[in-house]
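The values are calculated or read from the model by the stated rules, or taken from the named source; none is laboratory data. What you are looking at is a predicted structure, and each value in this text was computed from that prediction instead of being measured. Positions of Cβ are generated from backbone atoms using ideal geometry, with glycine treated the same way; all protein chains shown enter the neighbour counts.
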Amino acid sequence: MDFNKIRESAEYITNQIKIIPSIAVVLGSGLGAFAEKIEEKIEIPYSEIPGFSTCSVEGHESVLVFGKLREKYVMVMQGRFHYYEGYSMEEISFPIWVFRAMGIKNLILTNAAGAINEELSPGDFCVITDHIKLTPDSPLRGVLDSEFGERFNDMSRAYTPELIEVAKEVAFGMDISLDEGVYAFMGGPQFETPAEIRMLYRVGADLVGMSTVPEVIVAAYTGMKVLAISCITNMAAGVNNEAIDHNEVNKIGEMIADKFDYLVEEIIERIRIE
């Protein structure tokens, strides 16, 4: 990891926005419209930020959006990077390093996910309480900078319990169902096979996707508070014997976008900033 590049990127963004946001939000597939709610907006294309990559997946823009939401300053990634796009774990997680170098302490991650647990259905929301990562590579592999964290970091509270409770309370007050579950990270871009889904079910996974976990690992390492919410866009392979289509994934995301936006907006308002 190039920590000089991280600091250069953090300095570049800070010089553009002048104010350090209290919360960073990463938007998943089909959920980019959330950024339209931000006021006093400053948009920075990824292509202008030192060290940032660009997105190649439909449903992911390549714009960093800064501004005010519910009286809090936020930074929103309108599009993320994925392992299957050919990016390394370092490149995927680079923005999270940068956010922490800027002084941002709270991170909300969103994604589109497939349901393994049959109690979940397309259109549901699920807060992630833990994850399963079967890929051997890690964004922490290699030489690290002790300024950011310890060499061997604890992952038992990677998903911050306090933020999970905030999300559950907000959802309850809005009469929105918010399940809890374990997220399995798979590299993609191919969707999983039915046999892989059966394996994941047996080891305790409730939902599956191709993002989020590398970002969480870096956030936990650097001491950020993390909340991760999945929008269930399909049943995983073999659960209902229907084929999986990425276009349908995006359509479901668009259908539930308004409810999702409102939920995240209310959560941001309720998060206590220290």
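Of all residues in the stretch 121-141, those satisfying the criterion of being in contact with a Gly (Cβ under 7 Å, 6 or more places away or on another chain) and buried (at least 19 other Cβ atoms within 10 Å of the Cβ) are CYS126, ILE128. Listed by first and then second residue, the pairs with beta-carbon distance under 6 Å, at least 6 apart or on different chains, first residue in the stretch 141-159 and farther than 29 Å from VAL127 by Cβ, second among the aromatic types (Phe, Trp, Tyr), are ASP145/PHE3.
Scan the stretch 245-274 residue by residue and report those that are farther than 19 Å from VAL26 by Cβ, in a loop (DSSP other than H, G, I, E, B) and at pLDDT 80 or above. Answer for the stretch 245-274, where residues must be farther than 19 Å from VAL26 by Cβ, in a loop (DSSP other than H, G, I, E, B) and at pLDDT 80 or above: just ARG272.
Within the set GLY181, GLY188, the sole residue that is at pLDDT below 95 and either assigned to a strand (DSSP E or B) or in contact with a Phe, Trp or Tyr (Cβ under 9 Å, 6 or more places away or on another chain) (or both) turns out to be GLY188. Scanning the stretch 148-183 for residues that are closer than 15 Å to SER230 by Cβ, surrounded by fewer than 18 Cβ atoms within 10 Å (Cβ to Cβ) and within 17 Å of the chain's Cα centre (by Cα) yields a single hit, GLU180. Hey, among the residues in the stretch 143-177 that are out of contact with any strand residue (DSSP E or B) (no Cβ under 6 Å at 6 or more places or on another chain) and β-branched (Val, Ile, Thr), which one's nearest to THR212 (Cα to Cα)? Only one residue tops the list, namely VAL166. Might you let me know whether the stretch 133-146 holds any residue that is over 19 Å from SER230 (Cβ atoms), at pLDDT 95 or above, assigned to a loop (DSSP other than H, G, I, E, B) and β-branched (Val, Ile, Thr)? Checking the stretch 133-146: not a single residue is over 19 Å from SER230 (Cβ atoms), at pLDDT 95 or above, assigned to a loop (DSSP other than H, G, I, E, B) and β-branched (Val, Ile, Thr). Summed over the stretch 62-89, the residues that are among the charged types (D, E, K, R), more than 24 Å from ASN250 (Cβ to Cβ) and surrounded by 21 or more Cβ atoms within 10 Å (Cβ to Cβ) give a count of 0. Residues that are among the hydroxyl-bearing types (Ser, Thr, Tyr) and either at pLDDT below 95 or not in a helix (DSSP H, G or I) (or both) within the stretch 7-46 comprise SER22, SER29, listed in sequence order.
Within the stretch 161-176, no residue that is closer than 11 Å to ILE267 by Cα sits with its Cβ atom under 6 Å from a residue that is surrounded by fewer than 11 Cβ atoms within 10 Å (Cβ to Cβ) at 6+ positions apart or across chains. Taking first residues from the stretch 195-211 that are among the small types (Gly, Ala, Ser) and partners that are assigned to a loop (DSSP other than H, G, I, E, B), the Cβ contacts under 7 Å between residues at least 6 apart in sequence or on separate chains come to ALA205/ILE116; SER211/GLY28; SER211/ARG80; SER211/HIS82.
Of TYR46, TYR73, all but one fail to be within 21 Å of GLY223 (Cα to Cα) and either touching a residue at least 12 places away in the same chain (Cβ under 8 Å) or among the aliphatic types (A, V, I, L, M) (or both); the exception is TYR73. The single residue among ASN15, ASN4 that is under 21 Å from ALA219 (Cα atoms), free of Cβ contacts under 8 Å to residues at least 24 places away in the same chain and not aliphatic (A, V, I, L, M) turns out to be ASN4. Among residues of the stretch 216-228 that are under 17 Å from PHE3 (Cα atoms) and in contact (Cβ under 8 Å) with a residue 24 or more places away in the chain, those with a beta-carbon under 6 Å from a residue that is of a type in the set (Lys, Arg) and not in a loop (DSSP other than H, G, I, E, B) at least six positions away or on a different chain give the pairs THR222/ARG100.
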